[in-house]
Amino acid sequence: MALHAFNDLLGPIIDKYAPVKKQTVRNVGAPWLDQELKELMDQRNKAKAEAIRSADVSLWNIYRKLRNNVTKLNKNKKKMYYQNRIIDARMDSKKIWNILNGLMGKRCRPTPSFLEADENILTNPVEIANYLSSFFNDRIQKLRDSMDTRKKKDCISSKLIKDKIMNDKMCNFQFENITADTVEKLLRVARETPAGIDNLDVKLFKTVADLIALPISFIINLSLKKVFVLQNGK
């Protein structure tokens, strides 16, 4: 109940003030993209915006001319860039092959766009991630079930630990409640990583660490007390 209430309160706020936005990220860089080409691309983009806004045929013709110029200039600069790199590599075959592999895109390993699972084709990234997570969790559980991990009195390792290693030693272990200050400190120093399948960014939690530390500490302490952790709270 506490975790669901926290998610129900925080979720709409995040969706309103920090919504998920899609951005195109190019895997292959364009080191030949210099200031001259960038300025021409800016002119092309402005001409396209003006043509769309006015629907003027003459402006569309200007845009098409600039678009063709950008395409031509980009090809020429790309060609000169790789020619110069190959010339600089000279007789070094390793460098030349690295250049050619980069040119042909052999270094790029795109993320799988689909997954065949139980006679179904999954294309949604979240569904693919959830299926893979469930698949490996099931395999790990089966592996654990196949192993006899029960402690037996006649087990050599258990007997060795009991009679030799832990003999005359008093060891106690218990969970202690975590404070809101501790949670806030952990959130502040959390390593910034890309958002996972939940689309939540670590930077976002750092920004509101002082506001969410108390409810998070309450949920953690309640989980320890109840000896139960919800699947979506892990």
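A few points about this structure:
- When residue 203 is tested against (1) touching an Asp or Glu at 6+ places or on another chain (Cβ under 8 Å); (2) modelled with pLDDT of 85 or more; (3) not hydrophobic (A, V, I, L, M, F, W, C), exactly one condition is not met: (2).
- Test: residue 93 is at pLDDT 80 or above and under 28 Å from residue 201 (Cβ atoms): no
- Restricting the range 25-63 to residues that are among the polar types (S, T, N, Q) and closer than 25 Å to residue 99 by Cα, the residue that is modelled with the highest pLDDT is 35.
- Hey, residue 150 over 30 Å from residue 12 (Cα atoms), exposed (fewer than 13 other Cβ atoms within 10 Å of the Cβ) and at pLDDT below 80 or not: yes
- Residue selection: residue 212 satisfies the criterion of being farther than 26 Å from residue 137 by Cα and modelled with pLDDT of 80 or more.
- Among (1) at pLDDT 80 or above; (2) under 23 Å from residue 18 (Cβ atoms); (3) in contact with a helix residue (DSSP H, G or I) (Cβ under 6 Å, 6 or more places away or on another chain) - the single one residue 233 does not satisfy: (1)
- Residue count for the range 104-132, restricted to those that are out of contact with any strand residue (DSSP E or B) (no Cβ under 6 Å at 6 or more places or on another chain), part of a helix (DSSP H, G or I) and at pLDDT 75 or above: 6.
The values are calculated or read from the model by the stated rules, or taken from the named source; none is laboratory data. Please read all numbers here as calculations on a predicted model, not as lab measurements. Quick reminder, even Gly has a Cβ in these numbers, built from the backbone with ideal geometry, and neighbours come from all protein chains shown.
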